[in-house]
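See below for the structure under consideration.
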Amino acid sequence: MQSIAKPLRKLGEADYTEASLIVSQYPIYIYSLPIMLKTLTLSSLFVLALSACEVKVNGVDIKANGKTTTQRVEVADFDSVQNESFFDVVITQGQKSPVEITGDEKLVPEIIAVVENKRLVIRTKSKSYRMSWTNRPGTVSVSTPVLLSLLQSGSGDIEVRALNNEQFTLEHHGSGDVKVSGKTGNLKVMSAGSGELQLDMLRAGATELDLNGSGSVSLATVAGELNARHTSSGDLHVSDLQSVAVKLSHSGSGNVELRGPVNGLQLEHSGSGDVEISGVSSKIADLQLHGSGELRLRGETDELKMTLKGSGDVDIDQLKTSSLYLINQGPANIRVGGVQQQLQAELSGSGDLEADFSSNAQIDLTMRGSGKVNMQGKAKSLRAQISGSGDLDAEGLLLETARVQVTGPSQAVVNVKKAGGSRQVKIDRTGVLD
């Protein structure tokens, strides 16, 4: 989308400004007129807004005259809605009634509402149009007892009220926003548009998301499994996961934030956007990290498996885990806290590892890269094999036993218990240093 603004002229104290927005292949011109509100009544403002609306259809100008009209259209039964128009659409799940098209009397006749294969399609008479307006051009009101799917490919916004279905599919390809409230058992969302999807007033069960547009998506309650593929530049925010399993594939530049109890986690992260997941509460979490985006996890898991090849840093300082199996082959830095029983790490990249321990954990390190390791707290045992150039600094980690072998150019420092205190030991490839 391109935006160009240029001043036109002055008339008294009112400045006229023209802004040209290019949407797909059709230019849309928007005129704004700042006026002293003290001299205008609300009704005159409304008439002014409507009279400023203009649509060019097949090269012919259709100018609004400021008179509002409503057209009622009787249609056959339908269970889906598709919007291709520039009018806003309000859909209420309830008793069926005629479709109402409200707006300027010059613009309303340009909107068509017709049922095709049990789908209500809202479109303009001509697909070649150019619009100019200072306010929304009009609204189409729809009421239906069943709404199974919604397709948005227009520039007008859509609001769905009181949704109540076992399943609901939302497909979004337009620039208009979509807002949905109510509840559904199974939710499926496919978005490739630039408009936002505001689903934070919708309660959903099992949810499947396929997001590759630029518009952001927000959800609230998800009470079933969440399966999301995110290749989008828009953000994804889910605020109320309810003890659900999460499978997330993220390769976009948009950020992802998930909150609420997560009782199973599978994550493939190869994007440049950041991922933050709070409320992890699972037996097993499996993370594959290949991108430049950062990752932050909070919560608790019995077993965490994590493989890193990307450059995005990882912060799991507030994630409590019994066992952590870590492979880092890239430049990403890792912050670890709360390992209770076992840390097994294979480090061959340039990224650093910083870890805190507060229990009798057993630590097994293999260091082949240039990344450094710093450890604090206390642990039962440390076994380290170091062949890379990265140093091991465990001076702040109180150990019961330590077994360290250095065969590369690096150096290791450990702190081991002894009677009456502890002993710090330095090791390099020649052995123990004085």
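The values are calculated or read from the model by the stated rules, or taken from the named source; none is laboratory data. Everything quoted here is computed from the prediction, not taken from an experiment. Neighbour counts are summed over all protein chains in view; Cβ atoms, including those assigned to glycine, are modelled from backbone coordinates with ideal geometry.
Apart from one condition, MET375 fits all of (1) under 24 Å from VAL314 (Cβ atoms); (2) free of Cβ contacts under 8 Å to residues at least 12 places away in the same chain; the exception is (2). Taking the listed residues ASN135, ASN186, the one that is modelled with pLDDT of 95 or more and among the polar types (S, T, N, Q) is ASN186, with no other qualifying.
Just one residue in the set LEU209, LEU170, LEU202 is over 20 Å from ASP79 (Cβ atoms) and either modelled with pLDDT under 95 or touching a Lys or Arg at 6+ places or on another chain (Cβ under 9 Å) (or both); that residue is LEU209. Each residue in the stretch 98-132 was checked for being among the aliphatic types (A, V, I, L, M), touching a helix residue (DSSP H, G or I) at 6+ places or on another chain (Cβ under 9 Å) and modelled with pLDDT of 95 or more, and 1 of them qualify. Looking at ASP157, is it at pLDDT below 95 and either surrounded by 14 or more Cβ atoms within 10 Å (Cβ to Cβ) or on the phi < 0 side of the Ramachandran plot (or both)? No: the conditions fail for ASP157.
Quick grid of which residues meet (1) free of Cβ contacts under 8 Å to residues at least 24 places away in the same chain; (2) closer than 30 Å to SER243 by Cα; (3) surrounded by fewer than 19 Cβ atoms within 10 Å (Cβ to Cβ):
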{"position": "THR301", "(1), (2), (3)": "no, yes, no"}
{"position": "ASN328", "(1), (2), (3)": "no, yes, no"}
{"position": "LEU353", "(1), (2), (3)": "no, no, no"}
{"position": "LYS380", "(1), (2), (3)": "yes, no, yes"}
{"position": "ALA394", "(1), (2), (3)": "yes, no, no"}
{"position": "LYS417", "(1), (2), (3)": "yes, no, yes"}
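Of the residues making up the stretch 289-327, those that are in contact with a strand residue (DSSP E or B) (Cβ under 6 Å, 6 or more places away or on another chain) and of a type in the set (Ser, Thr, Tyr) are THR301, THR307, THR321, SER322, SER323, TYR325.
Across the stretch 85-103, the qualifying residues are those that are assigned to a loop (DSSP other than H, G, I, E, B) and of a type in the set (Gly, Ala, Ser), and the one among them that is nearest to the chain's Cα centre (by Cα) is SER85.
Going through the stretch 382-392 one residue at a time, which ones are more than 13 Å from ASP428 (Cα to Cα) and either out of contact with any Leu (no Cβ under 9 Å at 6 or more places or on another chain) or surrounded by 16 or more Cβ atoms within 10 Å (Cβ to Cβ) (or both)? Across the stretch 382-392, the qualifying residue is only LEU382. Residues of the stretch 282-320 that are farther than 22 Å from PRO331 by Cα and of a type in the set (Asp, Glu): GLU300, ASP302, GLU303. Just checking, does the stretch 261-271 include any residue being within 20 Å of LEU202 (Cα to Cα) and either surrounded by fewer than 20 Cβ atoms within 10 Å (Cβ to Cβ) or in contact with a helix residue (DSSP H, G or I) (Cβ under 8 Å, 6 or more places away or on another chain) (or both)? Taking every residue of the stretch 261-271 in turn, at least one turns out to be within 20 Å of LEU202 (Cα to Cα) and either surrounded by fewer than 20 Cβ atoms within 10 Å (Cβ to Cβ) or in contact with a helix residue (DSSP H, G or I) (Cβ under 8 Å, 6 or more places away or on another chain) (or both).
Taken over the stretch 303-319, the criterion of being of a type outside the set (S, T, N, Q) and surrounded by 19 or more Cβ atoms within 10 Å (Cβ to Cβ) is satisfied by LEU304, MET306, LEU308, GLY310, GLY312, ASP313, VAL314, ILE316, LEU319. Condition first: under 18 Å from SER181 (Cα atoms), assigned to a loop (DSSP other than H, G, I, E, B) and in contact (Cβ under 8 Å) with a residue 24 or more places away in the chain. Now tell me which residues in the stretch 204-247 satisfy that. Correct list: SER216, GLY224.
Being within 15 Å of LEU308 (Cβ to Cβ) and polar (S, T, N, Q) is the filter here; which residues of the stretch 258-271 pass it?
Across the stretch 258-271, the qualifying residue is only SER270.
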